[in-house]
Structures are given as structure tokens and as C-alpha cells.
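Taken together, the values in this text are just the output of simple stated rules run on the coordinates, not laboratory data. Since this is a predicted model, take the numbers as computed values, not measurements. Heads up, the Cβs are rebuilt from the backbone with ideal geometry, glycines too, and the neighbour counts pull from every protein chain shown.
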């Protein structure tokens with residue numbers, strides 16, 4: 001049967017039945033041809049969809065084949081895009097894997113805010129990170145974030161119209177850590193770490209650098225004569241220079257001596273190109289020795305309560321601020337790119353707050369004493 005037999009026209013398009021479904025047809029000036037696609041199981045749905053398509057065509061927002069794109073297609077494009085940009089973090093891979101599992105085969109235009117809301121509730125109720133433990137809001141946000149990023153890229157690449165991007169129900173995050181090392185705690189932990197890990201921790205405590213920047217540091221980036229370290233490309237995508245002092249110089253001198261490594265089998269010696277290494281090999285994960293050091297230092301070792309290596313970064317920022325170092329200089333040392341992230345690390349302790357209140361009390365008492373003083377009248381007045 002000819003499609004036009006029962007077709008109903010609407011503006012520059014038409015709807016017609018084919019089997020048990022209704023289809024829509026409209027002319028796309030950009031493509032220079034008539035476009036056809038399923039409209040739904042009723043004539044009413046088909047007419048509604050046709051009106052939407054005609055509006056898109058008139059507004060120059062219609063994108064051919066957008067209806068056929070799946071979420072997997074969006075993620076494929078996103079991963080290529082991130083690889084092209086040279087994205088350093090690999091955490092997005094695990095988040096993409098989770099979202100592919102939940103939404104991968106779905107058509108991108110069919111994902112609704114309601115569906116995403118249900119996903120959020122399911123993730124919060126029964127997380128996949130740890131058995132019988134719900135996911136943290138920050139983790140769920142990272143998962144939603146990669147999906148939102150994939151949609152936005154598709155819009156920029158003109159593979160999806162803007163109105164196809166759903167609302168993303170991001171969760172509030174109140175999980176910023178407040179951990180830092182007091183001097184005695186730091187010294188106790190360092191004393192119980194093996195040499196390779198202790199030196200990494202000491203450098204982090206002095207400079208506030210990220211762990212990845214420290215263990216990835218090569219001697220080719222260190223100018224011992226000028227006392228400068230030139231980091232070509234850090235996590236924030238920008239290089240920086242650290243002009244270091246006597247204490248860092250002493251640590252680097254120790255590491256310079258430790259460059260010579262002897263192969264236990266061949267007894268041959270070689271020089272490590274890395275500043276921080278473990279018997280000539282890259283410093284890997286030392287979580288086990290870290291927990292043992294915390295235990296021997298008398299510090300908590302339970303997950304969520306124990307000190308983290310990253311707490312040295314917070315501590316270094318706090319020490320810089322306490323010492324009166326200006327914010328731009330402190331940020332140039334620690335490598336913080338944004339003021340907002342730097343300010344999150346300006347952690348105060350209870351002692352600092354008590355000292356601040358004591359100063360206020362002394363100020364008020366001094367004012368009260370001045371108010372009690374009665375000026376002596378001069379003779380003849």
C-alpha cells in the first residue's frame with residue numbers, strides 16, 4: 001500500500017502508518033532530501049514528533065541521525081576526545097564503565113531526568129565500590145559528570161541538539177577532608193617508613209606537591225647549582241618552577257647520593273634517572289607500609305580515620321599561610337591553579353581558634369581599662 005493513501009500532512013511534513021507504527025516524513029533543506037523516522041505507536045504521537053522536527057528544521061537545530069545515537073556512541077566519542085587532549089587523569093574510565101553498564105545501549109535522546117534521578121537513588125542505596133556500602137555523593141556526581149560531559153561534547157560536535165541534553169541531578173558534596181599533620185605526628189610517621197617512602201613524604205611535607213609529581217620527578221628537571229626544580233607539566237596542565245631552600249637542598253643531596261643502584265643479581269651498578277625511586281625502580285603503591293607506620297606511630301589506622309598521604313599537601317599549605325607567605329607565592333609552590341581550591345586547604349586547628357579568641361578577649365579588656373582612666377584636669381580649667 002502506498003504510504004500516501006492514509007498519510008496526513010502537517011505543514012511541510014506528513015505522518016503515515018506502516019504496519020503497527022506511525023512514521024513521520026519531512027524535508028531537510030540542509031541535507032537536501034526528505035527524512036523519515038519512526039513517530040510512535042499512535043497518530044497523535046507521530047504528529048507531536050513531526051511538529052518537533054519541523055521546529056528544529058526551521059531553527060536550524062535538526063541533526064540527522066541524532067535519534068539513532070546511543071549512550072555508548074557518546075562515550076566512544078568522549079574517550080577519543082580525552083585521548084586527543086592528553087587527559088592525565090584515568091579516573092574517568094571507571095566512571096564511564098559504570099555509566100555504560102547502566103545506560104550504554106539506550107538511545108541518547110531517550111535518557112530523561114526522571115531516569116537519572118532513579119539511577120542516583122539506586123547508587124546511593126547500594127553502591128558497587130564496597131560490599132553492602134552505599135556510594136558517596138561525590139562518587140555518584142563523578143559518574144553523572146562523565147555522562148554530562150559526553151552529552152555536551154555531542155552538542156558541540158553537532159551530533160545532538162541542545163534540547164536532547166537531560167537535566168542532571170547533581171548531589172551536594174560535603175566531604176572535603178580536614179586532615180593535616182602536626183609536627184610530632186609527621187616525625188613519628190617518617191621514623192617508621194622505609195627510606196624511599198620517608199623521603200617522598202618529607203618532600204611533600206616541605207613543598208605541598210602532589211604524590212604523582214614527586215614520584216615522577218627526574219634529575220633532568222633539577223638544577224642543583226641554581227637550586228631550582230622545573231616541572232614541565234603538572235596535573236593542572238601548567239609548568240612551574242620551584243626555587244628551593246636549604247632544607248629541600250639537603251634532602252635532594254641525600255637523594256643524589258642514593259642515585260647509585262646495585263643490581264642484586266649481576267652486581268652491576270647504575271644511576272637512577274629518578275629523584276625518588278625504590279632500588280632503581282619507580283615508587284609504586286606503599287599503602288601497606290604506610291598503614292604499618294601509622295600503627296607504630298600510635299595514629300589511627302581505620303579507614304576514614306587514618307591520615308592520608310595527601311594530608312601533607314594540606315599541611316604544607318597551612319604552614320605556608322601560618323608563616324605569612326603571600327597567597328600567590330604559596331600557590332606557586334604548591335602548584336594550586338585556582339584560588340578556590342587553595343582556600344579549601346587553608347585549614348585551621350582548634351589551637352589557632354583558641355588563640356584568636358584569646359586575642360579578642362585581650363583587646364576587649366584593654367579597651368575596658370582605657371575607659372576607666374579619668375583624665376587629670378589641668379590647673380585653671
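Of note:
- Centroid-to-centroid separation of region 137-151 and region 271-295 [C-alpha atoms, Å]: 33 Å
- For region 183-203 versus region 1-79, the spacing of their alpha-carbon centroids is 65 Å.
- Evaluated at q = 0.11, 0.16 Å⁻¹: base-10 log I(q)/I(0), Debye formula over Cα of region 183-344: -0.47, -0.99
- Look at the alpha carbon pairs under 8 Å that are at least 6 residues apart: their mean separation over the length of region 23-117 gives a relative contact order of 24 percent.
- Mean Cα-pair separation over length for region 183-344, i.e. relative contact order, pairs under 8 Å, 6 or more apart, %: 29 percent
- When each of 207, 301 is scored by the number of other beta-carbon atoms lying within 10 Å, the sequence from fewest to most is 301, 207.
- The C-alpha atoms of region 148-204 occupy a region whose extents along the principal axes are 59, 26, 13 Å, arranged from largest to smallest.
- D (Stokes-Einstein, µm²/s), Kirkwood Cα radius, region 3-62, 1.567 mPa s at 4 °C: 115 µm²/s
- Length gained on full extension, residue 85 to residue 34, computed as 0.36 nm times the residue gap minus the Cα-Cα distance: 14.6 nm.
- Once C-alpha pairs closer than 8 Å and six or more residues apart are averaged by separation and normalised to the residue number of region 3-62, the relative contact order reads 27 percent.
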